[in-house]
Amino acid sequence: MGLRGRFLFAAAGWFALVTAALVAAPLTLWSRLPDPVAVHWGLSGAPDGSMPLAALLLLDVGLWALVAVGACAPALGRAAVLRRRAGRMGIGALLGGVGLFFVGLQASTLWANLDAPGWRQAAHLGWGVVVPLAGLLAGGALGALAGRPGPDEPPPRADVPVRGIRLRHGQRAVWVSSVRNGWLTVIGGALLASGIALCVLTLIGGDRTLLPPSAVTAVAGLAAVTFGSVHVQITGDGLLVAYGPLRHPRRRIPLAKVERAWSEELFPAQVGGWGLRGLPGASTIMIRGGECLVVGYVSGGRLTVSIDDAASGAALLNTLVAGASAGPALRR
Amino acid sequence: MLLTLDLNDPRPLHEQVAEAIRRAVAEGSYAPGDRLPPARDVAAALGVNANTVLRALRDLRDEGVLEFRRGRGVSVLNRPDPRSVIEEKLRSLLAEAVQYGYRHDDVIELIRELS
């Protein structure tokens, strides 16, 4: 069986398994569930929205099928996607993560509705909120792991001339640049502040029902503030990518791993949207469209960062890489 | 922002940093209105104290090259005076010439021959 056959076999098996779980659970528990069931909970923790059980079942299965087909479509269209490790890991992560997300979503919904006389009497969701998210993360990680084995064919290189700069003996050059997504930072700051305020208020008030949503708000705000700005430095030690006002998390890429660098005009639509995407070895940090620094690794992967003044950064990185490979004596 | 420092330059460090930033702005990668990277990142990359970079930025503000705005950081106000950029290039040319054993008069002679 070829690569595509094996992939189809595994994807179809996983799809069938998740669909079976999504269908079997409500059917088994049908007699113990109210109809309609509560499907939405307000901030107070009490249910405030309902849906017939059959409709919920169809919606879950329908959305899952849509995502699964969407995830597999690029692989069916172009087998080249499957020959790249990053491609397989991406599809695996999407299928695994979204599958377990729906299973977790349905599990926490059914759990809250179980043995309730009517949907308004359904239990509070409580920590059930995090079950789908945990499913998403765990499934994503497992799916990516499942896609790891197999061949890895590097993507075709962009045909961009390599530029360098001239450094005199005794001259030390560094490149510093940063880019900030103002909207994301402002929204993140507001979320973080309101989340923390809500956490403090609920802790003072003694009523803990609002604690999970306010904690989630604060964490989401922190993530938005952190990933709303990117700071890149290129020095004799290599490339450093740091996020947010705290400059953490940070990633250091030694010169020995870099083959060459160039700058490219890229837009979110070309790389699959805003944000951090991809997997170690082939990732993109896209927080605004336009000039991007692209670093090609010796291993064949690449890192793309949307950043100002990328052309100078790429030129310096090429110069440093050439100097480092020529011998440590030349490197300053 | 590409910044180069000369390890043999005897001038105070903040002057060298100001020179490097002035040159980066003059080379056109940052247009008037563009925001400069934060001073602490520049300091970390160059391996110098953040106060050294801040002093250099203040010097450039006093020269009219940069502008400090509350909440928006430091941005470019004007392209630097061309004369100061040429001066800096000549200074580095002379330094390089000395390394190869040319005296200043030899360089002047060379410039005359070329022009």
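Quick grid of which residues meet (1) buried (at least 16 other Cβ atoms within 10 Å of the Cβ); (2) assigned to a helix (DSSP H, G or I); (3) free of Cβ contacts under 8 Å to residues at least 60 places away in the same chain:
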position	(1), (2), (3)
B:Thr4	yes, no, yes
B:Glu19	yes, yes, no
B:Val25	yes, yes, yes
B:Pro32	no, no, yes
B:Asp62	no, yes, yes
B:Gly101	no, no, yes
Quiz item: Which strands (runs of 3 or more DSSP E) does the range A:190-278 wholly contain that include 3 or more residues that are surrounded by 16 or more Cβ atoms within 10 Å (Cβ to Cβ)?
Solution: A:229-235, A:238-243, A:258-266
Quiz item: What number of residues within the range A:172-186 are within 14 Å of another protein chain (Cβ to nearest Cβ) and part of a helix (DSSP H, G or I)?
Solution: 3
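Hey, among A:Gly13, A:Gly77, A:Gly62, A:Gly5, which residue is out of contact with any helix residue (DSSP H, G or I) (no Cβ under 9 Å at 6 or more places or on another chain), modelled with pLDDT of 90 or more and farther than 23 Å from A:Ala138 by Cβ? Full working, then the answer.
Numbers: A:Gly13 fails: farther than 23 Å from A:Ala138 by Cβ; A:Gly77 fails: modelled with pLDDT of 90 or more; A:Gly5 fails: modelled with pLDDT of 90 or more.
Matching residue, one of A:Gly13, A:Gly77, A:Gly62, A:Gly5: A:Gly62.
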Self-check item: Residue that is nearest to the other protein chains (Cβ to nearest Cβ), among those in the range B:29-53 that are under 14 Å from the mean Cα position of the chain (by Cα) and over 22 Å from A:Ala315 (Cα atoms)
Solution: B:Val53
Quiz prompt | Residue tally, condition over 7 Å from A:Leu293 (Cα atoms) and either in contact with a Cys (Cβ under 6 Å, 6 or more places away or on another chain) or more than 14 Å from chain B (Cβ to nearest Cβ) (or both), over the range A:304-322 | solution = 2
Practice problem: Tell me, yes or no, whether the range A:142-149 has at least one residue that is farther than 22 Å from A:Ala24 by Cα, without any contact (Cβ under 8 Å) to a residue 60 or more places away in the chain and not in a helix (DSSP H, G or I). | Solution: yes
Exercise. Report, by residue number, each residue of the range B:7-16 that is within 11 Å of chain A (Cβ to nearest Cβ) and crowded, with 19+ Cβ neighbours inside 10 Å.
Key: B:Gln16
Quiz item: Which number in (1) part of a helix (DSSP H, G or I); (2) surrounded by 15 or more Cβ atoms within 10 Å (Cβ to Cβ) marks the one condition that B:Arg40 misses?
Solution: (2)
Quiz item: Out of (1) aromatic (Phe, Trp, Tyr); (2) without any contact (Cβ under 8 Å) to a residue 40 or more places away in the chain; (3) in contact with a strand residue (DSSP E or B) (Cβ under 7 Å, 6 or more places away or on another chain), what's the single condition that is false for A:Trp41?
Solution: (2)
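In the range B:80-90, which residues are under 15 Å from A:Gln171 (Cα atoms) and exposed (fewer than 14 other Cβ atoms within 10 Å of the Cβ)?
Of the residues in the range B:80-90, the ones under 15 Å from A:Gln171 (Cα atoms) are B:88-89.
Matches in the range B:80-90: B:Lys89 only.
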Quiz item: Hey, any hits in the range A:187-207 for a residue that's in contact (Cβ under 8 Å) with a residue 40 or more places away in the chain and either within 14 Å of chain B (Cβ to nearest Cβ) or of a type in the set (Val, Ile, Thr) (or both)?
Solution: no
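Could you list all residues from the range B:67-99 that are of a type outside the set (Ser, Thr, Tyr), outside any helix (DSSP H, G or I) and within 13 Å of another protein chain (Cβ to nearest Cβ)? Reasoning before the result, please.
The initial filter retains those residues of the range B:67-99 that are of a type outside the set (Ser, Thr, Tyr), namely B:67-74, B:76-83, B:85-91, B:93-99.
Adding the requirement that they be outside any helix (DSSP H, G or I) leaves B:67-74, B:76-81.
B:Gly71, B:Arg72, B:Gly73, B:Val74, B:Val76 - these are the residues of the range B:67-99 that are of a type outside the set (Ser, Thr, Tyr), outside any helix (DSSP H, G or I) and within 13 Å of another protein chain (Cβ to nearest Cβ).
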Self-check item: Residue selected from the range A:83-139 under the condition free of Cβ contacts under 8 Å to residues at least 40 places away in the same chain and in contact with a Pro (Cβ under 6 Å, 6 or more places away or on another chain), by the criterion farthest from A:Tyr297 (Cα to Cα)
Solution: A:Gly104
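The values are calculated or read from the model by the stated rules, or taken from the named source; none is laboratory data. What you see is a predicted model, and the numbers here were worked out from it, not measured in a lab. Every residue, glycine among them, receives a Cβ derived from its backbone with ideal geometry; neighbour counts consider all protein chains shown.
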